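Note sheet for the following structure.
Quick note: the coordinates plus some simple rules give every number you see, no bench work behind them. Computed from a predicted structure; not experimentally measured. Because the Cβ atoms are built from the backbone with ideal geometry, glycine has one as well, and the counts that use them run over all protein chains shown.
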Amino acid sequence: MRRILKRRELVEDEWRYLGEAGAAAAGGVAASEGTAVAQSELLVVPFAEFRTNIARWRSYSGPLGVRLSPVDKVEDLADDVQRLALIAVEFPSAGEGRGYTQGRLLRARLKFNGELRAVGAGVKQDLLFLMLRCGFDAFELAPGQNTDEAVQALARYSVAYQPGEPAPSIQLQRFSAQAAQSP
Amino acid sequence: MAPNTQPKGISAALRVKPIVPGMYQYDELDQAFVDQRVAEFRDQTRRFLAGELPEDEFRSLRLRNGLYIQRHAPMLRIAIPYGLLSSRQLRKLGEITRRFDRGYGHFTTRQNLQLNWPKLETVPDILEQLATVQMHSIQTSGNCIRNVTADHLAGIAQDEVDDPRPYCELIRQWATLHPEFTYLPRKFKIAVTGSPADRAASEVHDIGLHLRRDEQGNIGFQVFVGGGLGRTPIIAQVIREFLPLPDLFSYLEAILRVYNRHGRRDNIHKARIKILVKALGIAAFRDQVEAEWHATRDMAAVLDQAQVDRVRAFFRPPAYELLPNINTTAGREPEFQAWYRYNTRPHRVAGYRAVFVSLKAHGSVPGDMTSEQMEAVAGLADRVSFGMIRATHNQNLLLADVPQRELYGVWQELRALGLAMPNIGTLTDLIACPGLDFCSLANAGTLSVTRQIQQQFDDLDYLYDLGDIEIKMSGCMNACGHHHVGHIGILGVDKHGEEWYQITLGGSVNGFTALGEVMGPSVPQAEVASTIERIVEVYRGLREDGERFIDTYRRVGIKPFKERAYATHSEAA
């Protein structure tokens, strides 16, 4: 069972990626390559599939997620973002930085409030803090990552210069501290 | 009146009194950040040395802390934000270079300091020492926003719209570990200038910001984008004529976001923003940035007046004495007079001058400085220049605020230190990257050619007669020595395993940015200095009264240089 780092804890993943064997298949429903899925399971479909069969996925009744690769345009999700419960953003390598922009746009521009999950071989402990500041709240760690260290890595910095979560920016902290002291 | 009024109840608390005037001082939040950065890198280094972190993963982490693995040893590039150093910091650099390196450091063209021989396992200790004096090496390499640079005469220049340093500091903070832009397609360099003379070479940066005032007197920026040297030299173009100050971060983020999304990641040689701007054309690129900006400008922090005022307060002028201008050279020896003429500059405050500390002594490596020299200059700065030192793009240091009455004593002291070579602005005030002797990218050496040129042009009277000539030399096409914008540019190339040099003429920055034109076939190492001598002789023969080399070149073009500099050398192919 896949495990996901969420709220500083490793939890079992309830979601199935389209095309992988999962709960529905085990339950006897044909689910080869996404041609048939149970209408109630938590399912993540690739962005291209979502766009190609948009009518079908819009009528999907269960909780739905979309998985973005670095080249996918988040703006194309604008009409659907509020009904998505999860968006997975791929970081295929440590040097691939487009996912940070995708995450930030999803949160700040498209006002996405669901689970924003970083996935892929680039999800390493030393990058988690950057992902966190860009709005990611769930991490599917790359194989081989030490999970205890990854949990600690999320709290490596108590301060940051830019707006973000969880701590407010240094600028804001500085100004609110000074405002509190002023008569 | 700025568009953004500051929040109520804050302004009175923001009157920060800096301990050292003229420089930003960390508060506990800034300090916490660099301390946490050191702790993080110490842990990363430990994991790497323990075999828990693979080399390719460690690489991108160490690069973002300024650490390269070079030809002989690691190289650590320490950030000197916009070139500004306190005496305490320079003294600490002296201590670090002695304790952790071989007793010297190398000042670069981007106002940083490089250590050539640190040991990997001691780098966390070096960073910890730097953090004690509010310094770091964050983002001095790697595909991220690099150390922001500025005019070395900022705050004292007579021709500036406003002091660029507070804006540089605000940009430094905004860019530091920016979560969205720390893994860009390629490195990203920003320069800010307050003066039309553009001593920051901003038009060969990824983004160049020129301070401007609008009709109401509000501060803003003319924004240039897409400049850069390297393999494909391109001069930046204007993307916005006037960007109001409060929008600075949101607009920078819009540019960077378009670049992060659409810049090429498939080919390292085509990954800089200049390639994207060129491919789209400036008009289409501008449209994309403007569209992005309008859609997302509320995502970035607004730069409000309270923040600007807080940072500006650190850069107030020092407590100048009320002094008359005096004649310091009358009756003094010719050596002092030459030094005064070449190595000092006018100041906008009466009774003061700016003094270059020349790191271009003949026989030395451009930009190199020993630990003892650093400590001595720190002491000198404490006594005569308000405890402040600046690093320049031309790989010299500057004491910006020296009372004229102190100049003779300063000269004697600098001369004793070997830092008074009276050649600033002349041909031997050349800039050069470390070259093949140190750098693993280089095709050819720069240090032996530098020595050759220093020997060939050792006669000061001849140098002075030649006047203002800038030589810039790079050991490979990555152009760290900025050869494209040298009046005379020298590029090291590898020719069947031998070091050859291609010469360009007519490049310039400083208010008139132009790329040099290749003069002809490259020359072997032994003939570089003699070829340059033939070039300057062509100039001497053609110049009109008082005309600088670059002006003669612009008037007559490359042809006469080509014909005559190669006259005895036509066999070169």
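Distance from the alpha carbon centroid of segment B:33-54 to that of segment B:494-573 works out to 48 angstrom. Based on the Cβ-Cβ distance of A:Lys6 and B:Ala284, what FRET efficiency does E = 1/(1 + (r/R0)^6) give at R0 = 41 Å, to the nearest 0.05? It comes to 0.50. Cross-link reach is defined here as a Cα-Cα straight distance under 20 Å, omitting same-chain residues fewer than 8 places apart; for B:Lys562 the aspartates and glutamates meeting it are B:Glu470, B:Glu517, B:Glu527, B:Glu533, B:Glu537, B:Glu544, B:Glu547, B:Asp551, B:Glu571.
Could you tell me what % of all Cα pairs in segment A:3-158 have separations over 24 Å?
Numbers: 3954 of 12090 pairs.
Summing the P(r) of segment A:3-158 above 24 Å gives 33 percent of all pairs.
Exceeding 20 Å between C-alpha atoms, which entries from my cross-link table qualify? They are B:Lys92/B:Lys472; B:Lys189/B:Lys360; B:Lys360/B:Lys472; B:Lys187/B:Lys270; A:Lys73/A:Lys111. Walk me through the numbers before you get to the answer.
Values: B:Lys92/B:Lys472 30 Å; B:Lys189/B:Lys360 26 Å; B:Lys360/B:Lys472 13 Å; B:Lys187/B:Lys270 12 Å; A:Lys73/A:Lys111 15 Å.
Check vs 20 Å cut-off fails for B:Lys92/B:Lys472; B:Lys189/B:Lys360.
Unpaired cysteine residues in chain B (no second Cys Cβ under 4.7 Å): B:Cys144, B:Cys168, B:Cys439, B:Cys476. How high is the FRET efficiency from A:Asp148 to A:Thr52, r the C-beta distance, R0 30 Å, rounded to 0.05? After rounding, the FRET efficiency stands at 0.15.
With the charge dipole of the protein assembly as shown set up from +1 on Lys and Arg Cβ and -1 on Asp and Glu Cβ about the Cα centre, the Cα lying farthest toward the positive end among the listed residues B:His294, B:Gly507, B:Leu466 is that of B:His294. Rounded, prolate or oblate, given the Cα gyration tensor of chain B, with a/c below 1.5 counting as rounded? Because its axes are fairly even, with a/c under 1.5, chain B counts as rounded.
In this Cβ point-charge picture (+1 for Lys and Arg, -1 for Asp and Glu), chain B has a dipole of about 680 debye about its Cα centre. Computed over chain A, relative contact order equals 16 percent, with contacts defined as Cα pairs under 8 Å that lie 6+ residues apart.
Between the residues A:Gly19, B:His482, A:Asn146, the greatest Cα displacement towards the positive end of the dipole of the protein assembly as shown, with unit charges on the Cβ of Lys, Arg, Asp and Glu, is found for A:Gly19. Axis of helix A:170-181 versus longest Cα principal axis of chain A: the two differ by about 50°, to the nearest ten degrees. The alpha carbon centroids of segment B:410-482 and segment A:50-108 are separated by 54 Å.
Bridgeable lysines around A:Lys124 (alpha carbons under 20 Å apart, same-chain partners fewer than 8 residues away excluded): A:Lys6. Ordered by the number of other Cβ atoms lying within 10 Å of each residue's own Cβ, fewest first, B:Trp411, B:Trp117 fall into the sequence B:Trp117, B:Trp411. Across segment B:201-211, coupling constants 3J(HN,Hα) worked out from phi with the 6.51/-1.76/1.60 Karplus curve, θ = phi - 60°, read 6, 5, 7, 10, 10, 4, 10, x, 10, 10, 5 Hz, and Gly and Pro carry x. For B:Phe242, the shell of other residues with beta-carbons less than 12 Å away shows a net charge of -1, using +1 for Lys and Arg and -1 for Asp and Glu. In units of the rule-of-thumb radius 2.2 N^0.38 Å, the protein assembly as shown shows an alpha carbon radius of gyration of 1.02.
Spatially, segment B:168-235 and segment B:336-395 are offset by 26 Å when compared through their Cα centroids.
The dipole here belongs to the protein assembly as shown: it is taken about the Cα centre, uses +1 on the Cβ of Lys and Arg and -1 on the Cβ of Asp and Glu, and is about 660 debye.
How high is the FRET efficiency between B:Asp459 and A:Asn113 when r is their beta carbon distance and R₀ equals 45 Å, given to the nearest 0.05? That pair, B:Asp459 with A:Asn113, gives E of 0.05. Would you kindly calculate the translational diffusion coefficient of segment B:146-314, applying Stokes-Einstein with the Kirkwood radius from alpha carbon pairs, for 20 °C and a viscosity of 1.002 mPa s, and quote it in µm² s⁻¹ without decimals? Here the translational diffusion coefficient equals 133 µm²/s.
Couplings for segment B:273-288, taken from phi via the Karplus curve 6.51 cos²θ - 1.76 cosθ + 1.60 with θ = phi - 60°, read 5, 4, 5, 5, 4, 5, 5, 7, x, 4, 5, 5, 4, 4, 4, 5 Hz in order; Gly and Pro are left as x. When the charge dipole of chain B is built from unit charges on Cβ atoms (+1 for Lys and Arg, -1 for Asp and Glu) and taken about the Cα centre, the candidate among B:Gly379, B:Asn143, B:Leu85 whose Cα reaches farthest toward its positive end is B:Asn143. Here segment A:72-183 is assigned +1 on the Cβ of each Lys and Arg and -1 on the Cβ of each Asp and Glu. Its dipole about the Cα centre then comes out at about 460 debye.
Roughly what % antiparallel, to the nearest 5, for the DSSP beta bridges in chain B?
Working: 50 of 63 bridges.
If I count the DSSP bridges inside chain B, around 80 percent turn out antiparallel.
Per-residue mean of foreign Cβ neighbours for A:168-175 is 6 (Cβ atoms of other chains, 10 Å radius). When shorter helices are ignored and each DSSP H run of at least 4 residues is given -39500 (n - 2.57), the per-residue value for the protein assembly as shown at 222 nm works out to -9500 deg cm²/dmol. Using the Cα coordinates of segment B:152-235, the gyration tensor eigenvalues translate into equivalent-ellipsoid semi-axes of 23, 16, 12 Å, sorted from longest to shortest.
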